[in-house]
Amino acid sequence: DAGVIQSPRHEVTEMGQEVTLRCKPISGHDYLFWYRQTMMRGLELLIYFNNNVPIDDSGMPEDRFSAKMPNASFSTLKIQPSEPRDSAVYFCASSPLDYGGVYFGPGTRLTVT
Amino acid sequence: AQTVTQSQPEMSVQEAETVTLSCTYDTSENNYYLFWYKQPPSRQMILVIRQEAYKQQNATENRFSVNFQKAAKSFSLKISDSQLGDTAMYFCAFMKQGYDMRFGAGTRLTVKP
């Protein structure tokens with residue numbers, strides 16, 4: 001059974017460019033999460049979805065960030081325009097309904113120059 | 001708001017010995033879930049063990065076990081017979097009902113040969 005799939009694994013872009021990160025959750029999982037990891041702030045929850053509906057986006061840092069989940073098998077996190085302080089590892093994760101744990105993808109390392 | 005505290009930024013242990021990583025949390029919830037995740041240099045987040053707050057029995061997964069003290073809001077991880085492959089960052093995480101998962105700052109564990 002495939003785990004959470006993220007693409008791209010690495011992204012290098014220039015300040016001001018649009019960045020789109022993609023995620024395919026584990027089939028059958030009802031919840032999808034986007035986390036950001038930096039040395040300074042650790043792991044931060046950005047937003048999470050239940051059955052494709054955004055439940056809590058209070059962790060989204062600002063209006064430059066947006067996330068969508070058009071169906072149960074796909075989600076995107078978009079940054080427009082990107083800034084150097086957005087450089088981080090972005091994790092997508094999914095979870096079943098039974099509080100069994102949150103399963104993480106391999107992450108996307110984003111570098112904004 | 002829930003907070004998770006890992007007071008040991010770094011620890012080391014000799015191969016084959018036992019080590020305990022500490023975690024405390026603060027919450028007003030009565031029903032919640034606690035987890036330990038491992039993040040090796042590959043940066044993949046791996047679920048190690050989970051504990052349900054309503055269960056008094058401590059969870060065990062092979063060489064990994066927890067000491068859950070609900071009244072003290074403490075959730076430590078014990079690794080027995082440490083192996084070189086256990087070298088990683090370890091994160092304690094708290095999840096309340098509603099799937100809002102929060103992480104501690106992490107403990108960097110080094111297993112020495």
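Values as computed for the structure displayed
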item: Fluctuation leader among B:Asp86, B:Asp100, B:Asp26 - chain B, Gaussian network, Cα springs under 10 angstrom; result: B:Asp100
item: The stretch B:58-113: radius of gyration over Cα atoms, expressed as a fraction of 2.2 N^0.38 Å; result: 1.28
item: Under 9 Å, Cβ to Cβ, from B:Asn31 - net charge with Lys/Arg +1 and Asp/Glu -1; result: -1
item: Ellipsoid equivalent to the protein assembly as shown - semi-axes via the Cα gyration tensor, in Å; result: 30, 21, 16
item: Cα convex hull volume per residue for chain B (Å³); result: 93
item: Partner chain coverage, peptide A:31-37 - average Cβ within 10 angstrom; result: 2
item: Volume per residue of the C-alpha convex hull in chain A, rounded to whole Å³; result: 94
item: Formal net charge of residues neighbouring A:Thr38 (Cβ-Cβ distance under 14 Å; K, R +1; D, E -1); result: +2
item: For the stretch B:4-10, 3J(HN,Hα) per residue [Karplus equation, 6.51 cos²θ - 1.76 cosθ + 1.60, θ = phi - 60°, Hz, x = Gly/Pro]; result: 10, 10, 10, 8, 10, x, 9
item: Shielding by other protein chains, B:61-69, mean Cβ within 10 Å; result: 0
item: Gyration tensor over alpha-carbon atoms, the stretch A:36-98, equivalent ellipsoid semi-axes in Å; result: 21, 14, 10
item: Measure of compaction for the stretch A:1-65 (Cα Rg per 2.2 N^0.38 Å); result: 1.23
item: Volume in Å³ per residue [convex hull over Cα atoms, computed for the stretch B:5-60]; result: 119
item: Between the stretch A:30-106 and the stretch B:1-47, the Cα center-to-center distance that results, in Å; result: 21
item: Order by protection proxy (mean Cβ within 10 Å, highest first), peptides B:29-41, A:25-37; result: A:25-37, B:29-41
item: Estimated vicinal HN-Hα couplings, Hz - the stretch B:36-48 in sequence order (Karplus 6.51, -1.76, 1.60; Gly, Pro = x); result: 10, 10, 10, 10, x, x, 5, 6, 5, 8, 10, 6, 9
item: Net +/- balance of residues flanking A:Gly16 in space, Cβ distance below 12 Å, scoring K and R +1, D and E -1; result: -3
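Read-outs throughout are calculated quantities, based only on the coordinates presented, and are distinct from any laboratory measurement. The structure presented is a predicted model; accordingly, all values stated were derived computationally and were not measured. Here the Cβ is made from the backbone with ideal geometry for all residues, glycine too, and neighbour counts use every protein chain on show.
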